[in-house]
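Visitor: This is the structure, below, for whatever I ask next.
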Amino acid sequence: MNITVEQVRAALTHVLDPDLGRDLVSLQMIDKLEVDGNKIRFEIVLTTPACPMKERMRRDCLAAIAQHVSPDAEVEIGFSARMRAPETREHEALKDVKHIIAVGSGKGGVGKSTVSANLALALAKTGAKVALVDADIYGPSVPTMFNLTHTAPRGVEADGKTYLVPMEQYGLKIMSIGFFVDPAKAVLWRGPMASNALKQMFTETLWGEIDYMVVDLPPGTGDIQITLSQMIPVSAALLVSTPQEVAVVDVRKAADMFREVKTPVLGVVENMAYFTPAELPDNKYYIFGKGGCERLAQEFGFPLLAQIPLVASVCEQADQGMPVMQAPDSPATDPVKAVFTALGGEVARKLAVLEHAK
């Protein structure tokens, strides 16, 4: 039996993207389709290399070809990632950044930097190119979490201008205002000074090709958040809160802010959802209350994407320069790593849906 390209393409119209509910052919997700006798080769084009559904799509393609073309066909399926269509960007430095994810909270002390750091690492472990920007001007913690204190990025000349080269650690490209200030001193900057510093981190850094740029915002809804929304094309936001009502109240303000600036919100992450002691790994103690983030998510129509437990060893390791996603496996860290891995998959999936909806 001679297999034709047309037969294979027709068979693949029976394979649906699990999130979009449309077939891969009409979504233009089939590329480099070749047929040589009984051998079939093609690529599935993803909007994100971290797509959690790609193996399911591979299996569905194999099943469709076996059913509609030939059960004896030898099929080779690869994956590639599609860059977005070029957009008008104010700054050349961000032209090769696919997705920018703003992580906000409205309130300090809820673990927003912990979520940002481990989300970035979870995405990077899928093979994606990931950057982490610590935009918390007044309380940068990323240098400490990544063991990069007392270091600074170098500058290089390009096109007659000096650019910064981001620091690299654990497979991430990292930029933080903490690289440029004395960690022992307060940062006494008024709004315009802080906004200008933020602009420099984004627009005067040689980022290169980035699939996901995770931006750790400062608490509140002030200059930094407004500047960010006006200056760069944020793909979507992620809200972080602890369960108690005093934190949830402030996150409502952050949700309103993102809605005002027309930034899609992917969902809510509940940090410190419960405490699990190392000696009792199956026990959960809701020391900060229970249900606050679930009520917030229902109120705004956002999904509750993750509930991250409070584990003492995770906090200790972060203070020593190793986020939990980079820590060795152990009974204490494994459940937390599993939550962040699942969160990375959900974020990638939701960004892919937003991308196709454009």
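Every read-out reported here was derived from the displayed coordinates using simple, explicitly stated rules and does not represent laboratory data. Owing to the predicted nature of the structure, the values given are computational and were not obtained by experimental measurement. As a convention, Cβ positions derive from the backbone with ideal geometry for all residues, glycine included, and neighbour counts pool all protein chains shown.
Visitor: Each label point is 7 Å from the Cα along the Cα-to-Cβ direction; what then is the distance between the points at Tyr286 and Thr151, in nm?
Guide: In this crude label model, Tyr286 to Thr151 measures out at 4.1 nm.
Visitor: Would you work out which of Ala128, Pro264, His150 lies farthest towards the positive end of the dipole of the chain, given +1 charges on the beta-carbon of Lys and Arg and -1 on that of Asp and Glu, about the Cα centre?
Guide: Of the options given, the answer is Pro264.
Visitor: Right, next: Which value in deg cm²/dmol, rounded to the nearest 500, describes the helix-derived mean residue ellipticity at 222 nm for the chain, given -39,500 (n - 2.57) per DSSP H run of n ≥ 4 and division by the residue count?
Guide: It comes out at -10500 deg cm²/dmol, rounded to the nearest 500.
Visitor: With the crude spin-label approximation of a point 7 Å out along Cα→Cβ, what separation in nm comes out for Glu34 versus Ser330?
Guide: About 5.0 nm, to one decimal.
Visitor: Pairing the Cα long axis of helix 112-124 with the longest principal axis of the chain, what angle in degrees results, from 0 to 90 and rounded to the nearest 10?
Guide: With both axes taken from Cα atoms, the answer is about 30 degrees.
Visitor: If you don't mind, another one. Towards the positive end of the charge dipole of the chain, with charges on Cβ (+1 Lys, Arg; -1 Asp, Glu), say which of Cys61, Val181, Leu280 has the farthest Cα.
Guide: Val181
Visitor: Something else about it: Rounded to whole Å, give me the distance from the Cα center of segment 303-358 to that of segment 244-262.
Guide: 22 Å
Visitor: Read phi for every residue in segment 172-180 and hand back ³J(HN,Hα) as whole Hz from Karplus 6.51 cos²θ - 1.76 cosθ + 1.60, θ = phi - 60°, with x for Gly and Pro.
Guide: Those phi angles translate into 10, 8, 10, 9, 8, 5, x, 6, 10 Hz.
Visitor: Okay, next question. Can you work out the Karplus-derived ³J(HN,Hα) for every residue in segment 141-157? Use 6.51 cos²θ - 1.76 cosθ + 1.60 with θ = phi - 60°, whole Hz, and x for glycine or proline.
Guide: 10, 4, x, 5, 5, 10, 6, 10, 5, 6, 10, 8, x, 8, x, 9, 8
Visitor: Still on this model: Mean-square fluctuation check for the chain, GNM, Cα pairs under 10 Å: which of Ser116, Ser176, Ser313 is largest?
Guide: With Cα springs under 10 Å in the chain, the top fluctuation among Ser116, Ser176, Ser313 is at Ser313.
Visitor: Tabulate in residue order the Karplus-calculated ³J(HN,Hα) for segment 319-331, using 6.51 cos²θ - 1.76 cosθ + 1.60 with θ = phi - 60°, rounded to whole Hz; enter x for Gly and Pro.
Guide: So the Karplus estimates, Gly and Pro as x, are 5, 8, x, 9, x, 4, 5, 9, 6, x, 5, 6, x Hz.
Visitor: Contact order normalised by length for the chain, with contacts defined as Cα pairs under 8 Å and 6 or more residues apart; what percent is it?
Guide: Relative contact order, the chain: 19 percent.
Visitor: Might you report the magnitude of the Cβ-based charge dipole of segment 5-81 about its Cα centre, with Lys and Arg at +1 and Asp and Glu at -1, to the nearest 20 debye?
Guide: Working: 9 positive and 13 negative charges, 30 e Å.
Dipole size: approximately 140 debye.
Visitor: Given H placed 1.01 Å from N in the peptide plane, which residues other than close sequence neighbours of Ala81 have an amide H under 5 Å from its amide H?
Guide: Residues meeting the amide H criterion: Leu46.
Visitor: Between Pro18, Pro140, Pro264, where does the largest GNM mean-square fluctuation fall for the chain, given springs only between Cα atoms within less than 10 Å?
Guide: Among Pro18, Pro140, Pro264, the largest mean-square fluctuation in the Gaussian network model of the chain belongs to Pro18.
Visitor: Just how large is the dipole of segment 91-155 about the Cα centre, in debye to the nearest 20, putting +1 at every Lys and Arg Cβ and -1 at every Asp and Glu Cβ? Display every interim value, and only then the final one.
Guide: On the way: 7 positive and 4 negative charges, 31 e Å.
Using Cβ point charges on Lys, Arg, Asp and Glu, segment 91-155 gives about 160 debye.
Visitor: Work out the length of the dipole vector of the chain about its Cα centre, built from +1 on the beta-carbon of each Lys and Arg and -1 on the beta-carbon of each Asp and Glu, and round it to the nearest 20 debye.
Guide: In total the dipole reaches around 520 debye.
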